[in-house]
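Rule-based calculations on the coordinates, nothing more; no lab input. All values derive from a computational prediction rather than experimental measurement. Using ideal geometry, Cβ is built from the backbone for each residue, glycine included, and neighbour counts are taken over all protein chains shown.
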Amino acid sequence: MSSRHPTLLTLRSSDHRIIICFGGAAVAHTHPQSSSVRTGAGSMTRRGFLTAAGGAAIGAGVGLTGCGRSEAQTPKSSGPVDLQVWTNDPNYPAYFTYWAKQLNQRPDKRFDYRISSLIQSTDQVVTKLLTSYMSGTRLPDMPGFEISQFSRLQRDDIGGQFAVDLRKEIPHLDRDFYKARIVPYSSGDAVYGLDSDMCMGVYYYREDLWKKYGLSTDFETWDDLLAIGAKAHRDHDVAVAAVSSNDITWMTMLMLQQGGQCFGADGSLQVDNPHTVDALKLLRRGVQSGAFMDLSNFYGAAGVAAMNAGQVIGYIMPDWFQPFVLQLNAPKLSGRWRIRPFPRFTTGHATAVWGGTGFGVTKNQPGTTAALDLLKQAYCTREGQVQRFLKASYLPTMKNAWQDARLRKYESKYLGGQRPFDVYGQIVEDTPTMVTSPYWDVMNARMTIALSETMRGIQSPERAVRDAADSIRSQMAR
């Protein structure tokens, strides 16, 4: 991020008002046809960011006005309030706007909400948040922390400097929500984000093509799926899954399903466990046999082409894959896909997890109390959890929402009328927790190398994992 313009942000409000914050001053413009938001800032390394942001904070001084200050302010207790939601997905501010309108219409309303949003990449959301805090400019009232980016707030408990501890504000948080989706947004005993989705893994498959090729979907283990996939590749030149040799998504999910972890609750590195080795071996076997297609750009043009051409007839992915990848990239395949639980290992869980976005609230801001009230209604009530799925396709993270008849009876048109909660309901109680760490980015970078070297045959899985772990521990010790 540029040190010259540390707070050049473009925000879009619910009524299409564009708010440009530059050097602390705000200017409003109206642009009804605006469909995107931009920022004048580029990307920078973390060291460069800290240097630039630190200099920006000094240079900004006490003269910043208009966009607010990050220093302690008295939260409003009622009346009009402008809340800023920063996230990477426009579905989130749309959902919060829906709930804000519901609250605004209540006769006993406490606040009169107005929602504006900043849509940026996951890393830029956190980078801009940290820069705003350090430069003394306005913080977002409700930042969305993508799960891997949240790790940046865990180092030295940076998040505690500006984020509300939700465990203190939400009664029965640990009782009412699944632990698997609380722990990843924790730092010490504090919780700084409520996850928006369970992110449970399931197996997606093209039912029409499985029937056409005479393949049985009644398999039990990963070895069964590999055998089916190898035969399907030989006979029909198709793959029963797609993976990527430069993305640890599948390695991590397969490791978590067996009961492994990247990090321990005490912060120790645990990625060098036998389950990681087994996951790498399974992926390599799958790619070598043709059961799995290795895509260098899973979400790019090659992946979309393989999806629509029927070259890939199955996917090992979390629940968000259906609404945000399959449906968006293959709308003409509506009705042909189905889901079923993952194949099983001899030990471990029925599913795995990958991804997530936890929403927090910044403290000591004019909108703090209002933002907490909104988050509690939208994320901490059964109705809020149900509506979040119906309107935004995110699975409930609150336990009692899973008993709601609207969800149990929900039929997915894209899944050919299948009731997805018949599948998700079988496995939700066995969802593993993914423990995050301040060193997640270090682990991710080094394990990506280990994955690539294993898949290319440069190193054995055992050696690749051992070398990666030694490198990660060395960097953690610095």
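Seen from a random direction on average, the alpha-carbon convex hull of the chain projects onto 22.7 square nanometres. For the pair the range 420-435 and the range 150-200, the centres of their Cα atoms are 20 angstrom apart.
What does the C-alpha gyration tensor say about the overall shape of the range 350-465? Classify as rounded when a/c is under 1.5, otherwise prolate if a/b is larger than b/c, or oblate.
Numbers: a/c = 3.02, a/b = 1.39, b/c = 2.17.
Here the range 350-465 falls in the oblate category.
Taking DSSP loops as anything outside H, G, I, E and B, show the longest stretch in the chain free of GluC sites (Glu not before Pro) there with at most 10 other beta carbons within 10 Å. Counting only loop sites that pass the neighbour cut-off, the longest clear stretch is 221-478. Once C-alpha pairs closer than 8 Å and six or more residues apart are averaged by separation and normalised to the residue number of the chain, the relative contact order reads 19 percent. Could you tell me which of rounded, prolate or oblate describes the range 238-374, using a ≥ b ≥ c as the square roots of the eigenvalues of the alpha-carbon gyration tensor, with rounded for a/c under 1.5 and, failing that, prolate when a/b is larger than b/c and oblate otherwise? Note, shape of the range 238-374 comes out oblate. Each helix, a run of at least 4 DSSP H residues, gives -39500 (n - 2.57); summed and divided by the residues of the chain, these come to -11500 deg cm²/dmol at 222 nm. With contacts taken as Cα pairs under 8 Å at a separation of at least 6 residues, the range 200-321 carries a relative contact order of 41 percent. Applying a DSSP loop filter and a limit of 16 other Cβ atoms within 10 Å to the trypsin sites (Lys or Arg not before Pro) in the range 400-468 leaves K409, K413, R456.
Check each of the chymotrypsin sites (Phe, Trp or Tyr not before Pro) in the range 270-337 and keep only those in coil by DSSP with at most 11 other C-beta atoms within 10 angstrom; list them in order. Loop-located and lightly packed - none at all. Annotation: extensible slack from Q105 through A265 equals 53.2 nm (criterion: 0.36 nm per residue apart, minus Cα-Cα distance).
Reported to the nearest whole Å, the Cα centre-to-centre distance from the range 280-358 to the range 212-259 is 9.
Can you put V304, V85 in order of Cβ neighbours within 10 angstrom, beginning with the fewest?
Fewest to most other Cβ atoms nearby, the residues stand as V304, V85.
Evaluated at q = 0.13, 0.29, 0.31 Å⁻¹, the base-10 log of the normalised Debye intensity for the range 408-456, with identical point scatterers placed on the Cα atoms, takes the values -0.64, -1.04, -1.10.
Pairs of C-alpha atoms in the range 107-249 farther apart than 28 Å represent 46 percent of all such pairs.
Straight Cα distances below 19 angstrom link K376 to the lysines K76, K101, K109, K168, K179, K363, K391, K399, with same-chain residues fewer than 8 positions distant left out. Its relative contact order, with pairs defined as Cα atoms under 8 Å and 6+ residues apart, puts the range 112-198 at 23 percent.
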